[in-house]
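Trainee: After the structure tokens below, expect a handful of questions from me.
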Amino acid sequence: MTIGIPRALAYHRYGTLWETFFDELGIPYVVSGETDRQILEAGAKHTESESCLPHKLYMGHVHSLLGRCDRVFVPRFVKLSRREEFCVRFWGLPDTVRGTFSGMETMGYTLSSGRRWSQERAFLQMGSQLGSSVFASLRAYRAAAGRQRELDFRRLSRGRASLRARKPKILLAANPYIAYDSTLGGAIGQLILDLGAVPVFADAWDPALCKEAAGEISADLYWSFQREIMGAVHLAQGQVDGVILLTAFPCGSDCLANELILRRVEDVPMIQILLDEHQSHEGLQTRVESFLDMIAGGRVSR
């Protein structure tokens, strides 16, 4: 049996955890390729026009796995604690995939609590479904969790290094599934580099620290990824030369969080870029280049 893993949404945060778990159990898997125009068009074709861009991308990645695997790995993320939830797109993702691609088998786990043991237990149950013993599943999960922590630490270290750069530093404030997608945040990050500046991502700061700092901007916002972004923007003041807020159309949680940031953060130059499936590289380049030129000339206004 081969498992298919879409390279979208939570993959950009937990992909190492998942891949290592399957590696440790000897379960073959295949990961969809980097986002390209074909994946984006397939996703738009298999979703409603009102669906947000990250959801369209996810469905495009699922479509690209058809015929390449026996089951698609689609976890359900609900909440990390009583006061912290994931966007509802994560809640119903397994049901949406099964309803869209009839006959496709899915598998995964549900994360609905902030307690560490709940994720461990979910992985043990998933291992049992795959025919592995409790001991083997526990060993695989602990190895996977350790590998994920190593990756998170390396990202934190790279982020801290980028903040020490002598070139202009631009915070790319976006969800991980936007920031690290090759066609979305990846393209903008490369533009920043090409223009002689340094992109800084939200994981340059510890996620727990970011969530705490988010309260300085909004005490009520409860979406997990958006709280991290909000806190990173607060912490970045005085450390970066500008902030680019990426909003995935028509994501309600992104729009609300970024609007709060734009209204309540005043000590750093900032622009908002709206991303959708019709964006062009030239349009992005024009906006990023203009923003950096205005920063250099001290002419940024919002």
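The values are calculated or read from the model by the stated rules, or taken from the named source; none is laboratory data. All values reported here derive from a predicted model rather than from experimental measurement. Glycine gets a Cβ as well: all are built from the backbone with ideal geometry, and neighbour counts include every protein chain shown. What goes into the accessible areas is simple: the full protein's heavy atoms, side chains included, and nothing from ligands, DNA or RNA. Shrake-Rupley method; radii C 1.70, N 1.55, O 1.52, S 1.80 Å.
Trainee: Given the conditions (1) hydroxyl-bearing (Ser, Thr, Tyr); (2) out of contact with any strand residue (DSSP E or B) (no Cβ under 7 Å at 6 or more places or on another chain); (3) open to solvent by 30 Å² or more (accessible area, probe 1.4 Å), which single one is not true for Tyr141?
Mentor: Among (1) hydroxyl-bearing (Ser, Thr, Tyr); (2) out of contact with any strand residue (DSSP E or B) (no Cβ under 7 Å at 6 or more places or on another chain); (3) open to solvent by 30 Å² or more (accessible area, probe 1.4 Å), the lone unmet condition for Tyr141 is (3).
Trainee: Looking at the range 1-34, which of its residues are over 25 Å from Glu228 (Cα atoms), assigned to a helix (DSSP H, G or I) and open to solvent by 20 Å² or more (accessible area, probe 1.4 Å)?
Mentor: Asp23, Glu24, Leu25
Trainee: Go through the range 145-186 residue by residue and tally those that are closer than 17 Å to Leu209 by Cα and in a strand (DSSP E or B).
Mentor: Final tally of qualifying residues: 2.
Trainee: Quick check on my filter: what residues within the range 221-267 are open to solvent by 10 Å² or more (accessible area, probe 1.4 Å), outside any helix (DSSP H, G or I) and in contact (Cβ under 8 Å) with a residue 40 or more places away in the chain?
Mentor: Answer for the range 221-267, where residues must be open to solvent by 10 Å² or more (accessible area, probe 1.4 Å), outside any helix (DSSP H, G or I) and in contact (Cβ under 8 Å) with a residue 40 or more places away in the chain: Tyr222, Trp223, Gln239, Val240, Asp241, Phe249, Pro250.
Trainee: If you go through the range 90-117 one residue at a time, how many are within 25 Å of Ala145 (Cβ to Cβ) and under 20 Å from the mean Cα position of the chain (by Cα)? Reasoning before the result, please.
Mentor: As a first pass, look at the range 90-117 and keep what is within 25 Å of Ala145 (Cβ to Cβ): 90-91, 93-94, 106-117.
Now restrict to residues that are under 20 Å from the mean Cα position of the chain (by Cα): 90-91, 93-94, 108-114.
Residues flagged as within 25 Å of Ala145 (Cβ to Cβ) and under 20 Å from the mean Cα position of the chain (by Cα) within the range 90-117 amount to 11.
Trainee: Still on this model: Out of everything in the range 174-212 that is of a type in the set (Gly, Ala, Ser) and open to solvent by less than 10 Å² (accessible area, probe 1.4 Å), what residue ends up being nearest to Val243 (Cα to Cα)? Spell out the reasoning first.
Mentor: First, the residues of the range 174-212 that are of a type in the set (Gly, Ala, Ser): 174, 179, 182, 185-187, 189, 196-197, 202, 204, 208.
Then keep just the ones that are open to solvent by less than 10 Å² (accessible area, probe 1.4 Å); that gives 174, 179, 185, 189, 197, 204.
Numbers: Ala174: 10, Ala179: 13, Gly185: 13, Gly189: 12, Ala197: 12, Ala204: 14 Å.
Ranking the candidates gives Ala174 first.
Trainee: Then there is this: Criterion first (out of contact with any Gly (no Cβ under 6 Å at 6 or more places or on another chain) and not in a helix (DSSP H, G or I)) does Glu289 satisfy it? Even if it seems obvious, please write down each step before you answer.
Mentor: Numbers: out of contact with any Gly (no Cβ under 6 Å at 6 or more places or on another chain): yes; not in a helix (DSSP H, G or I): no.
No; evaluated as a whole, the condition is false for this residue.
Trainee: Is it true that Gly146 is under 18 Å from the mean Cα position of the chain (by Cα) and of a type outside the set (S, T, N, Q)? Can you show your working first?
Mentor: Numbers: under 18 Å from the mean Cα position of the chain (by Cα): no; of a type outside the set (S, T, N, Q): yes.
Spelling it out, it is not the case that Gly146 is under 18 Å from the mean Cα position of the chain (by Cα) and of a type outside the set (S, T, N, Q).
Trainee: Can I ask one more? Please identify the pairs in which a residue from the range 277-292 that is on the phi < 0 side of the Ramachandran plot has its Cβ atom under 9 Å from the Cβ atom of a residue that is among the basic types (Lys, Arg) and assigned to a helix (DSSP H, G or I), counting only partners at least 6 apart or on another chain.
Mentor: Qualifying pairs under 9 Å: Glu277/Lys56.
Trainee: Now a separate question. Which numbered condition in (1) over 18 Å from the mean Cα position of the chain (by Cα); (2) of a type in the set (Asp, Glu); (3) closer than 26 Å to Val62 by Cβ is the only one that Asp181 fails?
Mentor: (1)
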